[in-house]
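**Student:** Quick one: the structure is below, questions incoming.
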Amino acid sequence: MPVIQVTAPSAGPERDAARLTALCRAVAAELGLPDSGVVAVLAPAAVTVVTGEASVAAWPLAVVHGSERPAAATDAALRALGRTLAGEWGVPDDGVWTEWSAGRLVPVAGAARG
């Protein structure tokens, strides 16, 4: 099960939940998973520094933690994630950062990962 870790400004519990749901749906659709097949979590950021000289209200970052998949599938999922992330946080498409992390997964006894 892929997990999307988002670092971005919070808009409150209800709006954050709607944003994260949109991200899950976008990624799930590209991977051929049910909407419930992707989890997302928000790590709120108050201000993001872009260049070290100026700050902006939002520069959303999203890392998908999941098992290795074909490059075409992860690329499509990251593109959909980036478009949705930009739209949900109201920034240009090039104002977000998305990444797929298929690092070494060591499951906790009895727990499914990835």
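The values are calculated or read from the model by the stated rules, or taken from the named source; none is laboratory data. These figures come from a predicted structure and were not determined experimentally. Quick reminder, even Gly has a Cβ in these numbers, built from the backbone with ideal geometry, and neighbours come from all protein chains shown. The area values use the complete protein model at the heavy-atom level, side chains included, leaving out ligands, DNA and RNA. Shrake-Rupley method; radii C 1.70, N 1.55, O 1.52, S 1.80 Å.
**Student:** Do you know which residues across segment 46-90 are under 20 Å from C24 (Cβ atoms) and at pLDDT below 90?
**Tutor:** Hit for segment 46-90 is A58, nothing else.
**Student:** May I pose another question? For segment 1-48, give me each residue that is part of a loop (DSSP other than H, G, I, E, B), over 19 Å from G87 (Cβ atoms) and open to solvent by less than 50 Å² (accessible area, probe 1.4 Å). I'd like the intermediate steps shown before the answer.
**Tutor:** As a first pass, look at segment 1-48 and keep what is part of a loop (DSSP other than H, G, I, E, B): 1-2, 9-12, 32-34, 38, 45-47.
So of that shortlist, the ones also over 19 Å from G87 (Cβ atoms) come out as 1-2, 32-34, 46-47.
Residue satisfying the conditions is P2 alone.
**Student:** Would you pick out the residues in segment 81-107 that are out of contact with any Leu (no Cβ under 9 Å at 6 or more places or on another chain), not hydroxyl-bearing (S, T, Y) and not in a helix (DSSP H, G or I)?
**Tutor:** Scanning segment 81-107 gives G90, P92, A102, G103, R104, L105, V106, P107.
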